Ligand code: ADP
Ligand code: MG
């Protein structure tokens, strides 16, 4: 019998796993085989040589081990609250051991006045310390299991966190530990190595088998650290290897247009019409794209720049390169308001230049629409700006050379795929030529995440704001101090400034949220009878919404009250105050996006976060971070720490294509970089990357999940 066979045994082969538990293990933990069990690493290791005394216990202790006897059992409570309590004493005091189910089982299995080792988490109930669902081990069995005859050595024992649902069926950490030990006992061969030998040597890694063994039963704390490091590296390494291998294949396959010169238009604009000197970051980003565009490969670049960092001018100038080389360019925005704003900016900046810019949204109809369609087909329209109306089948270009997608997180994968198809139509010859693609986003995706999720896109960052900007000052107000908020607003507005008041709106409580906005509107109208106030929300008719918005943009109204529809891209430099109501209901990323609507002019701007009085500690932390920093990347990193990477706004929709098993993107940033470097080196020397045969389940996992996303469409 070979090793692999043992690891593929279904868990039902284990002595105390029947069909019911097997089902729970599969559904609750994804564990189906012995091999899967080995990959369930303990969440911590506990020094099992350490015993506490009952009188030392406090509810803030994570886990404790006690030695003593159950004095008596007692049943308490009725119905669902029924529980069995074992009064446990070590001679120094008494703690209650509590079970909520399996009552008969408990009384049958455990006996009074017998020596036990109790292991569990202390908590407080009705002023008394108790341990719910403790793990009880017969003292002699414990000695055999944990001490191996050696009384003094520190013994690190794994602690496996088992989902609550499984705990209710008697599956606990101790049981996991026993199962894992059984698997190791049955194995005849070590777990297969997956990393190349030279890597193990160079990085001083333990073997895969040693690492997995050490995770479950380490000799020392430092062994756990080493094992964890190796396993994390391996996981990230294979993901990076896949991403890089994929992107290299793509580069071989897809040629891009060659824009071999920046062209007349770019130069003309640069020397005559550039409205302000570019920041160093803007220059750098333009240079990077310039390199891509003449490389002969299709550019796939993600441009990250915090709100207000000046992505638009970069978009415009790189478009001029494409046009100067005889092609068309298009810019796709997530909303009509934004598309119109881009159109106005482009027309304004290009007023003196021979460049025709048109707008295509679903609102553009009839004759006008036909004219634009004609112009696109015959090439007389140089730049097309629009919403997703651009990707309709009827829209055909003469020669689309460059596509920019603004605020990418609003676009689904499928929509992007359609744009690509459109591009194929323009391809000629045997090999389809693809237009260059720039995805712009203000959602500051932390570098580590970008590298993993968008590993096959190149990333450029505008990490510098235009000069003269004053950082927005952020202040926290409790809801009950409304008057202060009014006074502050009044003061700014009396100086000719404008203000946004934002209310949360989510699908689940849409009706209530809209009522809140409307109630708020009435309150503000009452408080500021002399001012004009706009209101905008997603449930309004588009025309009505646009006109309310326009009134604010033109300065006819002083206050704009809105739900989060204003989150993306709107540019009103005269607005210097934003009050965010119920700020506790917003995520960090969203708060930051919203705040980006102010601080766009030379004046000092303010962001007021209004919250209820009682806040959870996470919320307090979010508010605190917002008050402390304006740096989008810092905020994104914090956000990832608070919420975990899978939850980040913006990556939600694009979808992280794999679950990380052991590595953590928020914490293991450096390791991601290292894994990437090594993966790159391996591919340089061995493009096929012939890894040890059947290179590990994680590599397969990474592959598998990637395929569930149509990567050819988005990268
Ligand atoms: P975003 O990156 O959020 O799209 P925009 O491109 O809308 O930012 O730029 C925000 C504001 O900053 C605009 O009013 C723009 O004209 C201005 N701006 C951009 N680049 C510079 C620069 N280098 N110097 C001064 N102002 C700039
Ligand atoms: Mg923008």
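The values are calculated or read from the model by the stated rules, or taken from the named source; none is laboratory data. Bear in mind that the values here come from a model prediction, so they are computed numbers and not experimental data. Cβ placement follows ideal geometry from the backbone for every residue including glycine, while neighbour counts extend to all protein chains displayed.
Listed values, structure above:
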| read-out | value |
| --- | --- |
| Filter pass, residue 371 being on the phi < 0 side of the Ramachandran plot, part of a helix (DSSP H, G or I) and away from ligand 2 (no atom under 13 Å from the Cβ) | yes |
| Unmet criterion (only one of (1) part of a helix (DSSP H, G or I); (2) within 12 Å of ligand 1 (Cβ to nearest atom)) for residue 304 | (1) |
| Within segment 1-61, helices (runs of 4 or more DSSP H) holding 2 or more residues that are assigned by TED's automatic domain parsing to the domain that holds residue 125 and over 25 Å from residue 225 (Cβ atoms) | none |
| Pair list, Cβ < 6 Å and 6+ apart or interchain, from segment 546-571 residues that are more than 14 Å from residue 335 (Cβ to Cβ) to residues that are within 16 Å of ligand 1 (Cβ to nearest atom) and at pLDDT 90 or above | 558/498; 560/500 |
| Flag for residue 319 being surrounded by fewer than 21 Cβ atoms within 10 Å (Cβ to Cβ) and either within 16 Å of ligand 2 (Cβ to nearest atom) or modelled with pLDDT of 95 or more (or both) | no |
| Selected residue (criterion: surrounded by the most Cβ atoms within 10 Å (Cβ to Cβ)) from residues of segment 162-208 that are touching a strand residue (DSSP E or B) at 6+ places or on another chain (Cβ under 7 Å) and modelled with pLDDT under 90 | 173 |
| Any hit, segment 248-257, residues being out of contact with any strand residue (DSSP E or B) (no Cβ under 9 Å at 6 or more places or on another chain) and either at pLDDT 95 or above or crowded, with 19+ Cβ neighbours inside 10 Å (or both) | no |
| Residue match in segment 89-103 (condition: on the phi > 0 side of the Ramachandran plot and touching a residue at least 60 places away in the same chain (Cβ under 8 Å)) | yes |
| Boolean, residue 289 is away from ligand 1 (no atom under 14 Å from the Cβ), in contact (Cβ under 8 Å) with a residue 12 or more places away in the chain and over 23 Å from residue 395 (Cβ atoms) | yes |
| Failed item in (1) modelled with pLDDT of 85 or more; (2) within 16 Å of ligand 1 (Cβ to nearest atom), with residue 476 passing the rest | (2) |
| Considering residues of segment 326-345 that are within 21 Å of residue 263 (Cβ to Cβ) and surrounded by 21 or more Cβ atoms within 10 Å (Cβ to Cβ) only, the residue farthest from ligand 2 (Cβ to nearest atom) | 327 |
| Selected residue (criterion: farthest from ligand 1 (Cβ to nearest atom)) from residues of segment 309-340 that are assigned to a helix (DSSP H, G or I) and within 16 Å of residue 379 (Cβ to Cβ) | 324 |
| Index of the failed condition, residue 268 passing every other in (1) surrounded by fewer than 24 Cβ atoms within 10 Å (Cβ to Cβ); (2) within 13 Å of ligand 1 (Cβ to nearest atom); (3) in contact (Cβ under 8 Å) with a residue 12 or more places away in the chain | (2) |
